[in-house]
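Reading through the structure tokens given below for one structure.
Coordinate-derived values only; no laboratory data. Nothing here was measured: the structure is a model prediction, and the numbers come from that model. Don't worry about glycine lacking a Cβ; one is built from the backbone with ideal geometry, like all the others, and counts go over all protein chains shown.
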Amino acid sequence: MKNEKEHYDVFLSYSHKDMAWVKEFATTLKSCGVTTWFDDNNIKPGDNWQQSIEQALRESNTLVLVLSQSNVNSPWTFFELGAAVADKKRIIPVLAGDIDITQVPLLVRNFQMLRTQSPAEAGKRVAEVIAA
């Protein structure tokens, strides 16, 4: 884990089962100039992954919660969401794939959600919100 503090516009919370979708989404965010913490890019061999996640959550302005059938009820999703709420972070839920809105935790339903099948389109829309 790095000692120096970094700053991220976005912390990506997602299921590894959705890796292909999230990689395209993260690439689009980066191409739009959004600094993004994405574990696949930011956790290196030998890092304490739990400490890395906690530090990145603290150093990010916005939690982008990519929800799918794979993680809608995941304990890690709830941990990351809870940390973001406690730190008063902006929360942007992105519904990737077909997910029934009633499956989305009530707390998340309080935030305007973005629903799209296209990771590139989602990335562009989120980047616009971050830039505004």
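Tabulated results
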item: (1) 0.97; (2) 1.23; (3) 1.02, with the label sought being that of the calculated Cα Rg over 2.2 N^0.38 Å; result: (1)
item: Estimated 222 nm signal from helices in the chain, with DSSP H stretches of n ≥ 4 weighted -39500 (n - 2.57), rounded to 500; result: -12000 deg cm²/dmol
item: GluC sites (Glu not before Pro) within segment 1-51: DSSP coil, no more than 13 neighbouring Cβ in 10 Å; result: Glu4, Glu6
item: Two-site label geometry, Phe78 and His16: point separation in nm, points 7 Å out along Cα→Cβ; result: 2.1 nm
item: Total lysine pairs under 25 Å (Cα atoms) in the chain, excluding pairs fewer than 8 apart on one chain; result: 22
item: Restricting segment 63-132 to trypsin sites (Lys or Arg not before Pro) in coil, as DSSP defines it, with at most 16 other Cβ within 10 Å; result: Lys88
item: Estimated FRET transfer efficiency (Phe111, Trp49; beta-carbon r; R0 25 Å; 0.05); result: 0.40
